[in-house]
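Everything below concerns the one structure shown next.
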Amino acid sequence: MEGEMKRSFDAWRALLHVGWLAVLLGLVMEVILVALAAGFGTLKGANPVLADLVQKVSWSVLVCVGLAVGTTAKEARGSLMGLAGLLAAPLAFMVARSLHKGAMQALEVASTAGPTPSLALIVLIKGLQYGSFGLTLDWVEKKPWGGLAAHLATGLAVGILFGGAMLALSIQAAPQTPPLPVLVSRAANEFLFPVGCAFVIYVSKVMKKLGARSEERVH
């Protein structure tokens, strides 16, 4: 009984670490996008930034924590990480989208979003992206070379593959090719976020291992 309670506590502590790191990831992603907008001269004030920040943080927390749930199980973790990513990404997308709309209304920010692929198609792609992401991260971790660099490379590969598909679909859905600043911002968001999420998952695993070792020394 005591062992089960300890494992449960350790799992919740690990997820809490992921949550805080995911919040930081959302902040970093927004800083990158703001810097790009400032560089292109398309920054439109604080309110749109705040609305986008709500979206980035909520998306980051739900996706990364969802993936991390699969790492807390001892058995069949690979399939659980894949299933967690498959379910968490669509849910995170819908929640982040709703929160973004609510924040825009509250801050009186006019929507500048152009035509996008169908909602069902986006949800499907996100689910496949993070389902495969979870499976691949678990596979990478079990390899002798599965350190930080391998995790980051996995995130980049997934970002380029699925993010590139999302970018192509967005361009196809638009009546004309979006301006360069818009394309660069979307590409940065799609390509870099999985890299950051892979970093969050890796760091949380390292912190979990270090915590277990320190407790072993105490006992």
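In this structure, is residue 121 more than 15 Å from the chain's Cα centre (by Cα) and open to solvent by 50 Å² or more (accessible area, probe 1.4 Å)?
yes
Look at residue 188 and say whether it is at pLDDT below 95, surrounded by fewer than 19 Cβ atoms within 10 Å (Cβ to Cβ) and either of a type outside the set (D, E, K, R) or under 29 Å from residue 98 (Cβ atoms) (or both).
no
So, in the stretch 157-166, how many residues would count as being farther than 16 Å from residue 185 by Cα and open to solvent by 50 Å² or more (accessible area, probe 1.4 Å)?
Within the stretch 157-166, residues that are farther than 16 Å from residue 185 by Cα and open to solvent by 50 Å² or more (accessible area, probe 1.4 Å) number 2.
Given the residues 152, 99, which is the only one that is farther than 22 Å from residue 203 by Cα, out of contact with any Asp or Glu (no Cβ under 8 Å at 6 or more places or on another chain) and either open to solvent by 70 Å² or more (accessible area, probe 1.4 Å) or not acidic (Asp, Glu) (or both)?
Of 152, 99, the one residue that is farther than 22 Å from residue 203 by Cα, out of contact with any Asp or Glu (no Cβ under 8 Å at 6 or more places or on another chain) and either open to solvent by 70 Å² or more (accessible area, probe 1.4 Å) or not acidic (Asp, Glu) (or both) is 99.
For residues that are open to solvent by 90 Å² or more (accessible area, probe 1.4 Å) and modelled with pLDDT of 90 or more, tally how many sit in the stretch 3-46.
3
Can you pull out every residue in the stretch 134-149 that is in a helix (DSSP H, G or I) and open to solvent by 20 Å² or more (accessible area, probe 1.4 Å)?
Residues satisfying the conditions are 135, 136, 139, 141, 148, 149.
Could you check, for the stretch 164-175, whether at least one of its residues is assigned to a helix (DSSP H, G or I) and either in contact with a strand residue (DSSP E or B) (Cβ under 6 Å, 6 or more places away or on another chain) or closer than 22 Å to residue 27 by Cβ (or both)?
no
The values are calculated or read from the model by the stated rules, or taken from the named source; none is laboratory data. Everything numeric in this text was worked out from a predicted model, so none of it was measured. All Cβ positions, glycine included, derive from the backbone under ideal geometry; neighbour counts span all protein chains shown. Note: accessible area is taken over every heavy atom of the protein model, side chains too, but ligands, DNA and RNA are not part of it. Shrake-Rupley method; radii C 1.70, N 1.55, O 1.52, S 1.80 Å.
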